[in-house]
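Quick note: the coordinates plus some simple rules give every number you see, no bench work behind them. If you're wondering where the values come from, they're calculated on a predicted model, not measured in any experiment. Cβ placement follows ideal geometry from the backbone for every residue including glycine, while neighbour counts extend to all protein chains displayed.
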Amino acid sequence: MQAIRPAQFDAWLEHVATEQPGVKPVLLDVREPWEFQTASVKGDERFAVLPMPMRTVPARYMELDRNHPIACLCHHGARSAQVAHFLMQQGFGNVVNVHGGINAWTHERDPSVPSY
């Protein structure tokens, strides 16, 4: 499974745009709802954010488009790594884990995202 740091997220988006023009990647936030409310990433024209708590992924993963690249995000990267692995086992081909999670996102990309 491929892992990227939050600091590498823009490079990953550029790679996706080159490999799959016109396809909008998904940042899959697998944290609990209270965590998402506490601190979250805002999507933009380059990527969408989809909250899907880890415990719901086995029942909801079919909501995801297998043709869209997915970056999995949690608090530090452990839960998202498990979800990324699960998705790959289900046949999703372009899945990465955001190593360091939203905690690292705050420090490496966007200090306006609260740390908890």
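Quick notes on this structure:
- DSSP-loop trypsin sites (Lys or Arg not before Pro) across the stretch 17-67, with at most 16 other Cβ within 10 angstrom: LYS42, ARG46, ARG66
- Taking 25 °C and 0.890 mPa s as conditions, the stretch 2-67 diffuses translationally at an estimated 187 µm²/s according to Stokes-Einstein applied to its Kirkwood radius (Cα pairs).
- Phi-derived couplings, Karplus 6.51 cos²θ - 1.76 cosθ + 1.60 at θ = phi - 60°, listed residue by residue for the stretch 20-27: 9, x, x, 9, 8, x, 10, 8 Hz, with x used for Gly and Pro.
- For LYS24 and HIS76, the FRET efficiency from 1/(1 + (r/R0)^6), where r spans their Cβ atoms and R0 equals 30 Å, is about 0.70.
- The chain: relative contact order as a whole-number percent, Cα under 8 Å and 6+ apart: 33
- Table column - 3J(HN,Hα) (Hz), the stretch 101-110, Karplus curve with 6.51, -1.76, 1.60, x for Gly and Pro: x, 5, 4, 6, 4, 4, 7, 9, 10, 9
- Remark on CYS72: its backbone amide H falls under 5 Å from those of LEU28, VAL96, ASN97, VAL98, a criterion applied only to residues 5 or more positions apart or on other chains, H modelled at 1.01 Å from N.
- Environment charge at TYR116 (Cβ cut-off 13 Å; Lys +1, Arg +1, Asp -1, Glu -1): -1
- Extent along the principal axes, Cα only, for the stretch 30-72: 30, 28, 12 Å, with the longest axis given first.
- Selected from GLY43, TYR116, VAL23, residue furthest toward positive end of dipole (the chain; charges at beta carbon): TYR116
- Cα point-scatterer Debye curve for the chain, base-10 log of I(q)/I(0) at q = 0.12, 0.17, 0.21 Å⁻¹: -0.36, -0.75, -1.18
- Where labels lie 7 Å past Cα in the beta-carbon direction, separation of MET88 and MET62 in nm: 2.5
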